[in-house]
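Take a look at the structure set out below.
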Amino acid sequence: MVRSVSVDLNNDASLVIDIPDALCERDKVKFTIHIKTTLSSFQKSEFSVPRQHEDFIWLHDTIVETEEYAGLIIPPAPPKPDFEGPREKMHKLGEGESSMTKEEYAKMKQELEAEYLAVFKKTVQVHEVFLQRLSSHPMFRKDRNFQIFLEYDQDLTVRRKNAKEMFGGFFKNMVKSADEVLISGVKEVDEFFEQEKIFLLDYSSKIKDATAKAEKMTRSHKNVADDYNHISGAMNSIAADNNTAFKKHLEKCAEVFEKLRKLEDRVASDQELKLTELLRYYTRDIQAAKDLLYRRARALADYENSNKTLDKARLKGKDIAQAEENQKQCLRKFDKLSESGKKELTSFKARRVVAFRKNLIEMTELEIKHAKNSMSLLQGSIEILNSN
Amino acid sequence: MNVNSPEAACLSAEDISPSSNGPRDDDPDDLFAEATEEVSLDSPERQPILSDGPSPAITPVTPVMISPRVDVFDRSPDQDEDEEENRDTFDIQISVSDPEKVGDGMNAYMVYKVTTKTSLSIFSRDEVCVKRRFSDFLGLYSKLASKYMHMGYIVPPAPEKSIVGMTKVKVGKEDLSSVEFVEKRRSALERYLLRTVKHPALLKDPDVLQFLESSELPRAVSTQALSGAGILRMVNKAADAVNKMTIKMNESDAWFEEKQQQFENLDVQLRKLHASVESLVCHRKELSVNTASFAKSAAMLGNSEDHTALSRALSQLAEVEEKIDQLHQDQSYADFYLISELLGDYVRLITAVKGVFDQRMKAWAKWQDAQVMLQRKREAEAKLQYANKPDKLQQATDEIREWEGKVQQGERDFEQISKNIRREVGRFEKDRVKDFRVVIIKYLESLVHTQQQLIKYWEAFLPEAKAIA
């Protein structure tokens, strides 16, 4: 499986995770998680376990809920696998089977399989990266629930239900998407965080926009590929009615367009995998970084409030000790978040740069490869058609 | 715009694949095969300029130029055959250029420069420029259609009128869509003229010559009904009337039945292909727009990025994508002018071909009607034999003779149009194959060029991506 978005996440041989396989059954996707580890905390050194998308979400949510991790950038949850496109096509295929020729049916089936594969690659990649972010992080890798996720050899559904019951009520309180007003309103004394705040707020909107534009661009490529498909079919119809050498000529042309379609499809799906998915992922990751800033801003607000409370208590002469303790705790929490936040944001930048570099290089190499293939296809065809 | 209109495609003389015509073209190398069969010296209405030979082919015949200064109208029929074979030196170039707006507001119109370069002697000069407006082209087509269509000639239709397009131009909208509209029309007018002069009979028609050469042209009035579609609509209405006749035409010639069916099928298939290509043009334009939009967004992202090397790479990515969007736009012009417009022309041509088949049915119906009339006159005469009215009898006998003549004429006309159609269809099919082969190669070459540029741009970007540190 191609691991693109994260490149350095499996450097550490003490815990290596990948998703070599996935099965699509009706509405559910079952991922096969493969773990190799030298850590003593695990019972076996190499094993596999099947997990569903919902299990990933459960794991993500429990991590978000964990107070201890407030100063860390929580790896964004993988989006739900979206097989709607291929499923629709499969439906059409089933319905229209009787009205299609054998060739048309075979061709449509082939297209369908290619689409499935593309969606597969995307969803496996994003689920894999999520786990790898956790396994490569010094704190997350030790998380109890993470270990359960990896090792528990039975269905996690029961556990998931229990977790919901436990956290249900508090859920909304803890998990709040970064409140931009709060973040930007905070009076920042730390230059580092001031810069980060400005950067993240701006970058966040830019990368969202770039993602949307990349999606439109990919969509257009797919439309062009579709058109090549129809052109090929129309040429074949005309060829069927012709005789003599012209028929062969037309059939050859139809074949060229069919091949062009395949190439254009590959260009579209590779662009999506390397560029659009990259942008999508980092849009989510930027959001996670913003969430960290938010939590820190909240902690700062709490600390400032605790100062006010302490002042009031001193004025009134009541509950001073409590107020002092509260203030100490708030300060501690704030400092902790600031310290770990700084580390996280710095490594976030490094991670981002590495990922962009890798994906841009791979995308460019694929573009070149596909263009060269197209060219040799076209030039070969021109030769054949000319010699006829 | 770096795309050539397909004029060269239509003009280049190339080897023809074995013909797929009707039974008469057994030997494709014998240029005279059809010619010798077609000559019918005693047919009075046969125009002095019938086309006979097949389209230009690479043949062993030494090209002989048409003798200089021969007046078209004085030629006797059999001389024409010899001159026809020499069309492998089809030496005429026509270009439509320099659109100019004349006047203002709703009365404004576009004027185009029509330049003819030729060494053919039927023209008075070897290079001549005239100014023509759109209605002039329509006027030319309507004249040619009225002269030749009923004889079974496939007269190339003029481009369509477009109220929306022209209104924009008239009210002075200088935007891209008006510019594109004028260019689309200019190109279509050029193709129309080239197709018209490619037809051996039409090339020598005095109206065509006048159109190309004379500096003043009488204004073509009432062109409302005379656009290509307008005429064909009229023709097809007549055909509908014919089809509704209770007497179904006895098709004794399987060739016509087969061909008619073929053209029906081809009509449907070509329209489908045309629709797919139009969709491609549209989506390619969208791709260009979306790529440009992404380029801008990537540039903004690059500006926002605080890591210097990555920021630079993103800016460069934006530049690459900008170049690529231009590439897609150029390709969409190629999609359009090379393939889409050509297919559109052929869809209209097929309508003209179908019109010609219907003309034949009309001719058959006329012949049948004459026979019926003759029969009636004979019966009337027989009755009068017993009525003892000598003057009426004489009249009846005269009328019989008149209708006998008409029956003969009807039969001759029907046979003539059948011959013409066979020949025209053969020529049409050869041209169609040739056009398609040439255009498809040109188009694939345009795609090659696009891929070459893509390789160039991405190979230039690769080191930039690798330089991110």
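The values are calculated or read from the model by the stated rules, or taken from the named source; none is laboratory data. Predicted model, so just to flag it, every value in this text is computed and none were measured. Glycine also receives a Cβ, built like all others from the backbone with ideal geometry; neighbour counts cover every protein chain displayed. For the accessible areas, the whole protein counts, side chains as well, though only heavy atoms, and no ligand, DNA or RNA atoms are used. Shrake-Rupley method; radii C 1.70, N 1.55, O 1.52, S 1.80 Å.
A few comments on the model shown:
- Ratio Rg/Rh, restricted to segment A:258-388 and using Cα atoms, in which Rh is the Kirkwood radius: 1.46
- Alpha carbon convex hull of segment B:284-437, volume per residue in cubic angstrom: 112 Å³
- Placing dummy labels 7 Å off each Cα toward the beta-carbon, the span from residue A:139 to residue B:216 is 9.5 nm.
- Debye log10 I(q)/I(0) for segment A:321-388, one point scatterer per Cα, at q = 0.18 Å⁻¹: -0.81
- Computed from point charges on the beta carbon alone (+1 for Lys and Arg, -1 for Asp and Glu), the dipole magnitude for chain A about its Cα centre is near 740 Debye.
- Distance between modelled label sites at residue A:316 and residue A:245, nm, 7 Å Cα→Cβ extension: 10.3 nm
- Extending 7 Å from the Cα toward the beta-carbon at both residue B:117 and residue B:415 defines two label points whose distance is 4.7 nm.
- Cβ-Cβ FRET estimate between residue B:393 and residue B:162, R0 fixed at 51 Å, reported to 0.05: 0.25
- Percent of Cα pairs exceeding the 16 Å cut-off, where the set is segment B:127-203: 57 percent
- Rounded FRET efficiency, nearest 0.05, which uses the C-beta distance separating residue B:372 from residue B:102 and R0 of 60 Å: 0.65
- Summed over both chains, the area buried between A and B is near 5300 Å², taken from the accessible surface of protein heavy atoms with a 1.4 Å probe.
- Above-threshold pairs, the threshold being 22 Å between Cα atoms, out of A:28/A:259; A:274/B:323; B:184/B:442; A:80/A:369; A:208/A:274; A:308/A:333: A:28/A:259; A:80/A:369
- Descending principal axes extents, segment A:188-257, alpha-carbon based, whole Å: 83, 12, 7
- Area projected by the alpha carbon convex hull of segment A:215-302, averaged over all directions, nm²: 6.4 nm²
- Model label zone, residue A:155; criterion: amide N under 20 Å from point 7 Å along Cα-to-beta-carbon; scope segment A:54-75: A:54-59
- Interatomic Cα distance distribution for segment B:416-458, bins of 10 angstrom, percent: 25, 25, 20, 15, 10, 5, 0
- Kirkwood analysis of the Cα pair distances in segment B:293-370 returns a hydrodynamic radius of 17.1 Å.
- Cα long-axis angle, helix A:53-65 against chain A (0 to 90 degrees, to the nearest 10): 20 degrees
- Proximal charge balance of residue A:72 [Cβ under 14 Å; K/R count +1, D/E count -1]: +3
- Here the Kirkwood formula puts the hydrodynamic radius of chain A at 24.6 Å, using every distinct Cα pair.
- Three-way shape call for segment B:276-338 based on the alpha-carbon gyration tensor, with the a/c threshold at 1.5: prolate
- Every helix of 4 or more DSSP H residues in chain A counts as -39500 (n - 2.57), and over all residues that averages to -25500 deg cm²/dmol at 222 nm.
- Full extension of the chain segment joining residue B:308 with residue B:404 gains 24.8 nm, where the gain is 0.36 nm per residue of separation less the Cα-Cα distance.
- C-alpha long axis of helix A:84-96 to longest principal axis of chain A, angle in °: 30 degrees
- Full extension of the segment from residue A:148 to residue A:383, taken as 0.36 nm per residue of separation minus the current Cα-Cα distance, would add 78.4 nm.
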